[in-house]
Structures are given as C-alpha cells and as structure tokens.
1. For the range 128-184, please list each of the strands (runs of 3 or more DSSP E) lying entirely inside it that holds at least 3 residues being under 18 Å from residue 76 (Cα atoms) and modelled with pLDDT under 95.
2. In the range 185-193, is there at least one residue being in a strand (DSSP E or B) and free of Cβ contacts under 8 Å to residues at least 60 places away in the same chain?
3. Name the residue that is nearest to residue 66 (Cα to Cα), counting only residues in the range 115-129 that are loosely packed, with under 12 Cβ neighbours inside 10 Å and out of contact with any strand residue (DSSP E or B) (no Cβ under 8 Å at 6 or more places or on another chain).
4. Please give the helices (runs of 4 or more DSSP H) falling wholly within the range 1-109 in which 3 or more residues are at pLDDT 55 or above and exposed (fewer than 14 other Cβ atoms within 10 Å of the Cβ).
5. Working carefully through the options 146, 153, find the one that is over 20 Å from residue 190 (Cβ atoms) and in the same structural domain as residue 181 (by TED's automatic domain parsing).
C-alpha cells in the first residue's frame, strides 16, 4: 500500500496537468485538482467569479439602501384635530412631508388656544439612527431620539415624549408628555387627529 502511494505521488510529479485530470477521474486515490476544462477556459471561470463578486456587492448595497423613513410613511400629509391638556382646550393641525430627496422629514405644527397661538417646526433626520430636532415660537430647541413601531412613532428624550399612534384609517392620536427633573412622565397634551 505504501509503495503504491509513493508510486502514485512520483507519477503525479512527472505528469502534465491534463494527464493528472484524467487520472483523478480514473483513480480515486489520485490528488483531486480543478478539471481540465476549467484550466483550459480560465476566462469563463474568471467571468463567473466576477459575477459572483458583483452579485455579493449589489446584495450588500441593496441591504444598506433600505429606506429608514419607511416606518414614518403613515404620518405624511395634512392632519387637523382638537385636543385638551395643560394649556387648555385647543384646535390645530400639522403637516408631515419628506424633503431633500427623502433625506429628512419635516413636520410643521400649529395649535390655537384661547389666549395664544403655538407654532413649531421639527426635522427628522438620520444620524446614524433616526433623530429629530424641534424649534418653536417660544424659543425651545429640543433634540429627540426616534422610536418606530408598526403602530406608533415616538420622539423621546429625558424630559419630553411625543407619540403619534395610529387609531384607524386616516386617524392618529397625539400624546405629549413632560417629565420634570426627578419625576416620571405625565400627560401635558392629548389630541385626536384626522387626515384633511
């Protein structure tokens, strides 16, 4: 057995590549190598490998280019509604629109109360997760992290929590909660909105 293996290895070192391929098909103990057809047609093999490489690259790119704003899609459009809370009873509305080729979502909001009017603007952006920054006519600037679920979107930081929840076709509830330092969140505004 040892002599036979030694003889096979001596023969393999002295044979040409095409003879080795033939022997590998005939004798199972002979070292396996790439079939002669592929060795002769290296161009086809290289093209196939390039195709596999490009397929892998495109698969990775398509996974990375999934739209991070898709969970916010249900918010788009113009909404009107009425609410109650600490500022009193009020009415108002808001719009959610994508801008900059879907790189940001912009919310414009207003609320009219018996003694004053409130206006604000919020921009939702990617960095690397969804974030938001809020500005209003009272001088507030608030930074939020954004949580998305199938039925709601929540803008959240240590002191403020703003939640939009689907309540039916073309209907939303809005809850704005405030947490004073060292205390839990409590409701500040609750409103019901519908698509205009």
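The values are calculated or read from the model by the stated rules, or taken from the named source; none is laboratory data. Being a predicted model, the structure only gives us computed values, none of them experimental. Glycine also receives a Cβ, built like all others from the backbone with ideal geometry; neighbour counts cover every protein chain displayed.
1. In the range 128-184, there are no strands (runs of 3 or more DSSP E) which contain 3 or more residues that are under 18 Å from residue 76 (Cα atoms) and modelled with pLDDT under 95.
2. The answer is yes, given that some residue of the range 185-193 is in a strand (DSSP E or B) and free of Cβ contacts under 8 Å to residues at least 60 places away in the same chain.
3. Here the residue is 128.
4. Counting at least 3 such residues, we get 42-64.
5. 146 is the lone residue from the list that is over 20 Å from residue 190 (Cβ atoms) and in the same structural domain as residue 181 (by TED's automatic domain parsing).
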